[in-house]
Amino acid sequence: MSFSLYLPDVATAFDRCAERLKKRSSVIIGNHTTLRFEAVPPSGDDGVDRSHFVIRYHHSDIIVVHRDRVALDHCGYRTVSTKPRFNEIAGRLIGRVYSQHGEWIVKGRAWGGPITVLRNGKIKGLGASVERLHKASLKAKREGAKRDRIRQRADDRAALEALHDVAKRHFYGSWERAIAALDACSTLSSARVA
């Protein structure tokens, strides 16, 4: 997949978009991917020009290029077709985007929502580090295994009580045979739990 726009850094990103768009209102830069300019008049007393370029994939604004920053958002579509757009268009800005255990990872940190790349190269909006996510995942697995063991023991106890009731009904005349049957059941159950 090849795109006709590449953003190497925040300082030149706005100019590169302007150069690629020239005097058109929008231009196709890849399959289902367009670049357009949004003119926003200055508001308030500061008089700052808030015009920006938007890279849109299908109906989602995935990259917004301002003069002083670049905002990126997967808009909830963490798909195999969205990821290459970030890797090829903004790969030098944010590094490679990859997925691990269902999470999108950028520079070793989770990417859950919108992120912003500032002129100094810092990325705002990234989540926890991959190591922290991995530790949380392992903890959840351990807790799940512990819950499963507790459930298994409860199931074993319920089965033992049911056997006890059957044994009482079946062997009600001979307590020696009932106790022997229950002992056999409890050793079988304890061997299964261990």
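Every number here is computed from the coordinates shown, using simple stated rules; none is lab data. Not measured: the values here are computed from a predicted model. Ideal geometry is used to build each Cβ from the backbone, glycine not excepted, and the neighbour counts take in all protein chains shown.
The stretch 89-123 and the stretch 10-35 have Cα centres separated by 21 Å.
Based on the Cα coordinates of the stretch 10-127, what is the per residue volume of their convex hull in Å³?
Numbers: hull volume 13.3 nm³, N = 118.
Given the Cα convex hull of the stretch 10-127, per-residue volume reads 112 Å³.
Count Lys and Arg as plus one, Asp and Glu as minus one, and take only other residues whose Cβ is under 14 Å from that of Lys83; the net charge is then 0. As a proxy for reagent exposure, Leu138, Leu126 were ordered by neighbouring Cβ count within 10 angstrom, fewest first; the result is Leu138, Leu126.
Which entries of Lys83/Lys124; Lys23/Lys124; Lys83/Lys107 have Cα-Cα distances beyond 21 Å here? Too far apart for the 21 Å limit: Lys23/Lys124. The Cβ shell under 9 Å around Leu7 holds other residues with a net charge of +1, Lys and Arg each +1, Asp and Glu each -1.
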